[in-house]
Amino acid sequence: MMFPQSNSRHSGSSHLPQQLKFTTSDSCDRIKDEFQLLQAQYHSLKLECDKLASEKSEMQRHYVMYYEMSYGLNIEMHKQHQQQVLGAIERAKQVTAPELNSIIRQQLQVHQLSQLQALALPLTPLPVGLQAPSLPVSASSGLLSLSALGSQGHLPKEDKNGHDGDPRPDDDGDKSD
């Protein structure tokens, strides 16, 4: 068997040694060019790395600044909440027993009034032309008086000394009468 490439190899072999023949100066020039290319790549990568490092430090600075602001805001809100609680406690300390009883009675009356109004409203819509039955008393005075009558069963009875069931703060149990 004959290989056609073998003929071409022999005929072209005289040119190969001349093409592969490099001088030392050519090799040094080629190494110098590659070194300069690598140096340029290194320089650009170093600049990019420095840029990323500066961005990182800037981001860390912003993070610390936002953390400090958040922490300060949290502390300020906590202080304001404490001040509001202390103010509410002080106001609660200033409320006397009669004022508290008055507020409780008002709340009971409002609650009972709303229950009475809910019972007075029809559950289904009325046919056209019919009106809801009206109460014989006015809504403001009559319902309040009805609720006051209903709440009297819940109020403490007065004792023989004219005091209601609540102990007085200045009453220390000694009776000099």
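On a full-extension model of 0.36 nm per residue, what is the gain between residue 66 and residue 48, subtracting their alpha-carbon distance, rounded to one decimal in nm? Walk me through the numbers on the way to the answer.
Details: separation 18, 0.36 × 18 = 6.48 nm, distance 2.67 nm.
Taking residue 66 through residue 48 to full extension adds about 3.8 nm, to one decimal.
Which ³J(HN,Hα) values, rounded to whole Hz and listed in residue order, are derived for segment 90-107 from phi using the Karplus coefficients 6.51, -1.76 and 1.60 in 6.51 cos²θ - 1.76 cosθ + 1.60 with θ = phi - 60°, glycine and proline given as x?
4, 5, 5, 5, 7, 6, 8, 4, x, 5, 5, 4, 5, 5, 5, 5, 4, 5
Given a 1.4 Å probe, how much area per residue of segment 58-118 is accessible, in Å²?
Working: 5390 Å² over 61 residues.
That works out to 88 Å² per residue.
The values are calculated or read from the model by the stated rules, or taken from the named source; none is laboratory data. Since this is a predicted model, take the numbers as computed values, not measurements. When the accessible area is computed, the model is the full protein with side chains, heavy atoms only, and any ligands, DNA or RNA have been set aside. Shrake-Rupley method; radii C 1.70, N 1.55, O 1.52, S 1.80 Å.
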